[in-house]
Every structure is written in structure tokens, then in C-alpha cells.
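Take a look at the structure below.
The values are calculated or read from the model by the stated rules, or taken from the named source; none is laboratory data. All of these numbers come straight from a predicted model, not from anything done at the bench. Cβ sites come from the backbone with ideal geometry, for glycine too, and all protein chains shown count toward neighbours. Quick note on the areas: whole protein, heavy atoms, side chains included, nothing else; ligands and nucleic acids left out. Shrake-Rupley method; radii C 1.70, N 1.55, O 1.52, S 1.80 Å.
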Amino acid sequence: MTDERNFRSQYYEKVGFRSVEEKKSLEILLKERPLDKTKLKQFCLRFTVPAIYRNFLWKVLLDVVPVYAESQGFIMAQRKAEFQDLQRALRVTKIIDDFTKPHLIFLAMWLLRKRRAKVDMTAQLESPLYRAMRKMAETLWHVIDVDSEEEKLVDIYWILSGFFVQVEKLQKEVGKLQDCTYALLEKEDVELYKHLVKIDALYNLPYDVWFYSCFAGIISNGSIAKIWDKITVGAYRILIFVAVVTLTTLRRLLLRCESTDHVLDTINNILHFILDNGGNVGGDSK
């Protein structure tokens, strides 16, 4: 039986159906009572979360809902009530209106709940950290798939709040993440590394924007969910690998660049093209 199962797993993987086994494994974990967050975190670290379970699993791992199934409905009802209270408060104070974009509303609600909202919130939202969070909010709108519009708004806000907690934690580690990015790039592609150093570009790339936003607005929505599966469990180091893969994937173009501005324009133009066409960063780095 073991040999048969191993053969079947290898066959599924070769023809692109590795997720069949992973989905079954996750379904078994989700049937446990109460849910075992340690096992669920290990699953996220090892595999890509099937899209059908991503919304619920993220809510569990980001502490939006408890591990006890019998309490989840009640907690979400309380989450919904708090969501409505926050939104009402922002409308009464005229901070938001019917024309305010959803991702700005989510961020304003989070700031209000954290007691960080300022009178001039427009200026407040222009800081590098909050601009990155705005990108996350905008991206999450396209990642979360819920049939009910009202439920989708509530889920996005609370999942986003959980991600913001993770971003605040990794904010303290951005310097280390950058150093690790330099080291890994040198190891993976020394020619590209030396070229970027020579033209004074390597240390002037927008790493803080990339890391604060967890690559929202940079990597396509179809791929970013796989990255965020790891962020939910605090595995920030994946951002290092994403940064290096982004650079090595564009190596041919970057090796022709002669200045930091040229490098930045190349990266932005290519990544925007990829986003507009629904692709992702990948391919032969050589």
C-alpha cells in the first residue's frame, strides 16, 4: 500500500496534480476539534494553501476566529458588529464618505481601532509604511473570494488587520532582510550582484516598500497569495527569496542598466507589465 501511495503521489506531481494530496492533508487537519494551529502553520510553511480553504485558514492563523468550531460563528458576529461601528464612526466624523475607496476605508478603520488616527489622515496615510499597507489592502480585495459582498468586506478588514500585525513585526527586521537579500543575491548570481554594486544600485532599491507591502502591487495577485500563506505564520524570510528571484529573473535587462534610475525604471516597467497581463515573476534567470 505504501509503495502504491508513493507511486500515485509521484505521478500526481509529475502531471501537475501534487495539490490533490495536499488538499486531502489539509482537509484532515481542518476536521480536528479543536483545530491544531501548530499543524496548520506547518502546512502553510510546506505547501501552498488551496484557494478554497485560504480565506478560512488565514482567519484562523491570524487570530480572526478561534480554533474552537462552536465559537467561530459567534466571534464573527462580533467582528461584524465592530466592523460596522468603526465604519459608522468614520462616516460620522466625515473622514470617509461614499466616494472613499475600500482599501483606504480599511486602513482608516484599522488606525481608528488602534487609536492612531489623526485629524489629517490624508497626510498620515502618505508615510512609507501606510502607503505599503494601502497596497496590501488593495491587493487583498482581489485575493479574497467570498460570495456575499458584506461578508467579503468584513473578512478582508479582519484578515488585513492580522497582516498589519505581521507587517509591524517585520518592520523591525527590514534591515536584516536587506542584508540577507544582498548575501543571497551574491551567492545565486555573483555577476548580477557585482554589476548592481558597481552602478550603485543594489543598496538603493526600494526594499522597504517591497517588504512592508509583502510585494503587494509588485507581484501578481495570483502568485502573491502563495507568498502570503507564509507571511500568515510569520515566515518573513520568504520575502528575501522573492526579492532575489525578482532580480535574477530580470538579470538580462538589469545587466544592461547603467544607473540606479535605469534599474528602477526597468524593474517597475516589467513588473507593471506582468501585473497588467496577470502573469507572475518566473522563468529562466540565465
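Things worth noting here:
- Neighbours of HIS103 by Cβ distance under 10 Å: Lys/Arg scored +1, Asp/Glu scored -1, total +2.
- Cβ-Cβ FRET estimate between ILE199 and LEU129, R0 fixed at 35 Å, reported to 0.05: 0.80
- Taking 21 Å as the straight-line reach from the Cα of LYS198, the lysines in range (excluding those fewer than 8 positions away in the same chain) are LYS187, LYS286.
- Phi angles across the range 79-84 convert, under the Karplus curve 6.51 cos²θ - 1.76 cosθ + 1.60 with θ = phi - 60°, into 3J(HN,Hα) values of 4, 5, 5, 5, 4, 5 Hz, Gly and Pro given as x.
- FRET efficiency for ARG46 and ASP98, using Cβ-Cβ distance with R0 set to 45 Å, rounded to 0.05: 0.50
- When the chain is treated as a GNM with alpha-carbon contacts under 10 Å, the residue of LEU62, LEU104, LEU112 showing the greatest mean-square fluctuation is LEU112.
- The range 96-148: trypsin sites (Lys or Arg not before Pro) falling in loop per DSSP and having at most 12 other Cβ within 10 Å: LYS114, ARG115, ARG116, LYS118
- R0 of 41 Å, Cβ-Cβ distance ILE75-THR260: FRET efficiency to nearest 0.05: 0.25
- Members of LYS114/LYS226; LYS31/LYS135; LYS37/LYS176; LYS31/LYS230; LYS23/LYS226 lying beyond 24 Å, as alpha-carbon distances in this model show: LYS114/LYS226; LYS31/LYS135; LYS37/LYS176
- Ordered from largest to smallest accessible area (heavy atoms of protein chains, 1.4 Å probe), the residues HIS195, HIS142 come out as HIS142, HIS195.
- Between SER259, TYR130, LEU61, the Cα set farthest toward the positive side of the dipole of the chain (charges on each charged residue's Cβ, about the Cα centre) is that of LEU61.
- Residues THR38, THR100, THR232, sorted by accessible area with the largest first, give THR38, THR100, THR232 [1.4 Å probe; ligands and nucleic acids excluded].
- Whole-Hz couplings from phi, Karplus 6.51/-1.76/1.60, listed for the range 221-229; x for Gly and Pro: 4, x, 8, 5, 4, 5, 5, 5, 4
- Net dipole in debye of the chain [+1 Lys, Arg Cβ; -1 Asp, Glu Cβ; about Cα centre; nearest 20]: 580 debye
- Each residue of the range 259-270 was assigned a 3J(HN,Hα) from its phi angle through the Karplus curve 6.51 cos²θ - 1.76 cosθ + 1.60 (θ = phi - 60°); the sequence is 7, 4, 4, 5, 4, 4, 5, 5, 4, 5, 5, 5 Hz, with glycine and proline shown as x.
- Dividing the Cα radius of gyration of the range 20-144 by its Kirkwood radius returns 1.05 for Rg/Rh.
- Restriction of the chymotrypsin sites (Phe, Trp or Tyr not before Pro) in the range 17-107 to DSSP coil positions whose beta-carbon has at most 14 other beta-carbons within 10 angstrom yields PHE17, TYR68, PHE99.
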